[in-house]
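Below is one structure, written out as structure tokens, with a few remarks after it.
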Amino acid sequence: MAAPLDMEPAALSLELLPTDPLLLILSFLDYRDLTSCCYLSRRLNQLSNHDPLWRRHCKKYWLISEEEKSQRKQSWKAIFISTYRDLGRYVQYYATLKKAWDDLEKYLGQRCPRMIGSLKESVREEDLDAVEAQIGCRLPEDYRCSFRIHNGQKLVVPGLMGSMALSNHYRSEDLLDIDTAAGGFQQRLGLKQCLPLTFCIHTGLSQYMALESVEGRNKYEIFYQCPDQMARNPSAIDMFITGTSYLEWFTSYVNNVVTGGYPIIRDQIFSECFPFCRYVHDKECVATTGDITVSVSTSFLPELSSVHPPHYFFTYRIRIEMSKDALPEKACQLDSRYWRIINAKGDVEEVQGPGVVGEFPIISPGRVYEYTSCTTFSTTSGYMEGYYTFRCLYYKEKFFNVTIPRFHMVCPAFKVSTARMVSGDFCWTQSGCVLCQETSHNEYAVDEDEDSTDTDEYEERRRVLDIPAPSGRCPRHT
């Protein structure tokens with residue numbers, strides 16, 4: 001007998017639903033919702049404990065591998081819960097930073113393994129709490145999370161944050177451990193509530209993170225202090241910005257290293273900076289003349305630059321290569337160079353001279369010659385272009401020119417100190433504060449009782465960390 005048409009269908013009970021569809025639905029839930037399901041009903045509590053459901057969360061948030069799981073001899077849910085109890089406050093940062101550290105270690109382990117030995121083990125949560133109590137400021141969560149993975153490195157050469165050599169100027173930048181960073185915490189005028197993240201043994205230069213929004217800085221902004229020969233007031237020191245947060249700053253640097261953006265030379269990261277003192281290569285900055293290709297990478301050096309007076313120091317690395325398929329009689333020797341150097345105002349400087357960096361390299365099929373030199377601008381940007389003149393070795397009377405591609409150099413975003421904020425001194429753009437006209441030194445706010453120069457600043461940092469004096473500068477336009 002057919003059921004009456006007006007009969008209502010029986011209510012579908014959760015207890016009657018098949019297990020497999022329910023497990024499929026639960027597999028799409030985040031760990032928070034999956035945990036909440038445990039309290040809704042006995043059936044959901046039972047299904048939410050299904051161990052494979054927690055495998056995805058262990059891999060997503062804690063990067064737990066199958067091998068590590070088997071070594072720990074725990075269920076996926078037990079591993080997730082125990083890890084969450086230890087690192088749960090960092091759940092939004094941990095996977096990103098752990099992957100960055102893992103990628104960096106794997107890359108360095110294959111190319112410069114001795115640097116791996118300089119990395120320190122993780123710190124405990126109570127160690128970070130103690131540092132916060134010591135300096136009287138809260139550390140950002142992404143910074144704390146990174147130090148729960150690795151406590152920076154030992155003060156060694158080469159540094160994890162890159163090295164470079166330019167004539168008699170050498171730098172090697174270390175990532176500071178938490179105790180050394182806390183010992184360098186600043187409360188003095190111009191660097192109030194700033195924590196050093198890195199330190200260069202050779203130049204005394206540090207990258208700082210502002211722990212509060214004071215003296216014109218944004219909270220958690222990372223920067224280099226700008227050397228300034230004209231500012232006697234420590235609060236009138238300008239900044240070159242290197243990052244808006246620790247997470248962005250560190251992961252950007254690691255990405256450049258592991259993707260080959262910064263070469264490994266002689267067992268060190270020759271970042272010859274995330275963005276400073278690390279050469280950046282524009283893939284379009286390449287020119288081929290016959291069998292010879294010239295490519296250029298550029299870098300900005302904050303420790304040799306200043307905003308007041310405007311003096312922006314750039315270094316460039318040039319690679320000259322002859323095709324391996326070239327005929328042997330194409331071998332030649334570099335005889336001279338010619339440069340056109342143009343600043344942002346359109347002022348042109350021409351430089352011509354013998355050789356490069358005092359050398360007259362011979363280029364033959366398959367051979368590569370590289371060298372590094374530098375230039376300075378009184379504007380925040382400029383470019384260079386020119387050509388090399390080569391002499392054929394087989395036809396000694398034959399000379400020919402090889403094009404050097406135009407390459408641009410641009411000062412990164414920087415901020416003018418609030419102590420300089422006088423009418424007409426600066427303007428703000430999307431990329432930061434850019435000097436738009438010169439200002440008389442008499443217009444600057446000067447506190448005669450707070451006399452400090454960049455030399456004094458370096459001396460103070462050297463006394464704290466017991467480092468040698470910085471080296472000198474380098475020649476130009478070679």
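The values are calculated or read from the model by the stated rules, or taken from the named source; none is laboratory data. Note that the structure is predicted; figures quoted are calculated from it, not measured. All Cβ positions, glycine included, derive from the backbone under ideal geometry; neighbour counts span all protein chains shown. We work out accessible area using only protein heavy atoms, side chains counted, and drop any ligands, DNA or RNA first. Shrake-Rupley method; radii C 1.70, N 1.55, O 1.52, S 1.80 Å.
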Would you pull out the residues with amide H under 5 Å of residue 363's amide H, same chain only if 5 or more places away, H placed 1.01 Å from N? 332, 333, 334
Suppose each label sits 7 Å from its Cα in the direction of the beta carbon; what would the residue 362-residue 20 distance come out to in nanometres? 7.6 nm
Between the modelled labels at residue 311 and residue 371 (7 Å from Cα along Cα→Cβ) the distance in nm is 2.5 nm
With all protein chains present, how much of the accessible area of the stretch 94-260 (probe radius 1.4 Å) comes from carbon and sulfur, to the nearest whole percent? 47 percent
Please give the net charge around residue 323, taking every other residue with its beta carbon less than 14 angstrom from that of residue 323, where Lys and Arg add +1 and Asp and Glu add -1. 0
Count the lysine pairs in the stretch 94-260 whose Cα atoms sit under 15 Å apart, keeping only pairs 8 or more residues apart in sequence or on different chains. 4
Determine the per residue accessible area of the stretch 19-89 with all protein chains present and a 1.4 angstrom probe, expressed in square angstrom. 62 Å²
Zone of residue 96 (label point 7 Å along Cα→Cβ, backbone N under 14 Å): which residues in the stretch 109-126? none
Using a 7 Å offset from the Cα along the Cα-to-Cβ direction at both residue 284 and residue 127, what is the distance between the two label points in nm, to one decimal? 4.7 nm
Would you please give the residues with an amide H less than 5 Å from that of residue 197, counting only those at least 5 places away or on a separate chain, with H modeled from the backbone geometry? 207, 208, 209
Rounded to 0.05, the calculated FRET efficiency for the beta carbons of residue 154 and residue 340 at R₀ = 60 Å is 0.85
State the percentage of accessible surface on the stretch 19-89 attributable to carbon and sulfur atoms; use a 1.4 Å probe and exclude ligands, DNA and RNA. 54 percent
Provide the FRET efficiency to the nearest 0.05 for the residue 120-residue 244 pair, computing r from the beta carbons and using R0 = 30 Å. 0.70
Cross-link reach list, lysines versus residue 283, counting only Cα pairs under 23 Å and skipping chain neighbours closer than eight places: 324
Give the long-range amide H neighbours of residue 374: residues separated by 5 or more places, or on another chain, with amide H under 5 Å away, using H modelled in the peptide plane at 1.01 Å from N. 316, 477, 478
How much accessible area per residue does the stretch 94-260 have, counting only protein heavy atoms and a probe of 1.4 Å, in square angstrom? 33 Å²
